[in-house]
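One structure is given below, encoded as structure tokens.
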Amino acid sequence: MSVTDILMITATALSPLIAVQVTRYLDDRNEVRGRKLLIFKTLMATRAYTLAPVHVEALNRIDLEFSSKRKQEKDVLDVWQQYLDHLGNKTMQIDAWAEKRVDLLVDLLHAMAHALGYDFNKTQIKNGTYAPIAHGRIEEEQEKVRQFTIELLEGKRVLPIYVTNMPNQNESGQS
């Protein structure tokens, strides 16, 4: 048996193993990218509704899925830390805090877009969202209902009750 024959037999025997390993590697890589894309797409879709539970969940998954070993992903993690620090800042005036929050979210989404190969500019990210006025009004109304209910249950508010159309005793069959 020649060296060529041995190499041919070895290549034939190892080919399926190599193919399986390459397939697993590619599947794992695609799964990791898919999780990053899910976070990015969720944040993009909910950027006008930052209190939405799926938005908050996606933010909290950034540290799990993005790696500081890759430059572009490290940039995402750095901007995420700035945004997270800002979210916990209670010293700023609310209007200034809200404006900076939007800017930092745009920076985060821009860094994620860049890391994932999307070509969005910051203006697109900031202004390219549809948020009906009615959604904001509904959220405000729901918040008022929640606050009223809490105050009612805590005894800080009373529920006015007015009796109308009191049945007359004669009409109800009593004498």
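The values are calculated or read from the model by the stated rules, or taken from the named source; none is laboratory data. Computed from a predicted model, the values in this text were never measured in an experiment. Cβ placement follows ideal geometry from the backbone for every residue including glycine, while neighbour counts extend to all protein chains displayed.
Which of the following residues is surrounded by fewer than 17 Cβ atoms within 10 Å (Cβ to Cβ), without any contact (Cβ under 8 Å) to a residue 60 or more places away in the chain, hydrophobic (A, V, I, L, M, F, W, C) and touching a Leu at 6+ places or on another chain (Cβ under 9 Å): Leu84, Leu14?
Going through Leu84, Leu14 in turn, the sole match is Leu84.
Scanning segment 94-141 for residues that are in contact with a His (Cβ under 7 Å, 6 or more places away or on another chain) and not aromatic (Phe, Trp, Tyr), which turns out nearest to Arg47 (Cα to Cα)?
Of everything passing the filter in segment 94-141, Ile125 is nearest to Arg47 (Cα to Cα).
If Ala131 meets every condition in (1) over 27 Å from Asp63 (Cα atoms); (2) more than 20 Å from the chain's Cα centre (by Cα); (3) part of a loop (DSSP other than H, G, I, E, B) apart from one, which number is that one?
(2)
Identify all residues within segment 26-73 that are farther than 19 Å from Asp107 by Cα, in a loop (DSSP other than H, G, I, E, B) and either aliphatic (A, V, I, L, M) or touching a Ser or Thr at 6+ places or on another chain (Cβ under 6 Å) (or both); write none if there are none.
Ala52
Mind listing just one residue for me: the one in segment 87-97 that is surrounded by 11 or more Cβ atoms within 10 Å (Cβ to Cβ) and part of a helix (DSSP H, G or I) and, of those, farthest from the chain's Cα centre (by Cα)?
Trp97
Being surrounded by 10 or more Cβ atoms within 10 Å (Cβ to Cβ) and among the aliphatic types (A, V, I, L, M) is the filter here, so list the residues in segment 17-35 that pass it.
Ile18, Ala19, Val20, Val22, Leu26, Val32 - these are the residues of segment 17-35 that are surrounded by 10 or more Cβ atoms within 10 Å (Cβ to Cβ) and among the aliphatic types (A, V, I, L, M).
Would you point out which residue out of Leu38, Leu51 is loosely packed, with under 10 Cβ neighbours inside 10 Å, within 22 Å of Gly128 (Cα to Cα) and under 21 Å from the mean Cα position of the chain (by Cα)?
The match here is Leu51.
Please indicate, with yes or no, whether at least one residue in segment 148-167 is polar (S, T, N, Q), at pLDDT 85 or above, surrounded by 10 or more Cβ atoms within 10 Å (Cβ to Cβ) and over 30 Å from Met44 (Cα atoms).
Yes, some residue in segment 148-167 is polar (S, T, N, Q), at pLDDT 85 or above, surrounded by 10 or more Cβ atoms within 10 Å (Cβ to Cβ) and over 30 Å from Met44 (Cα atoms).
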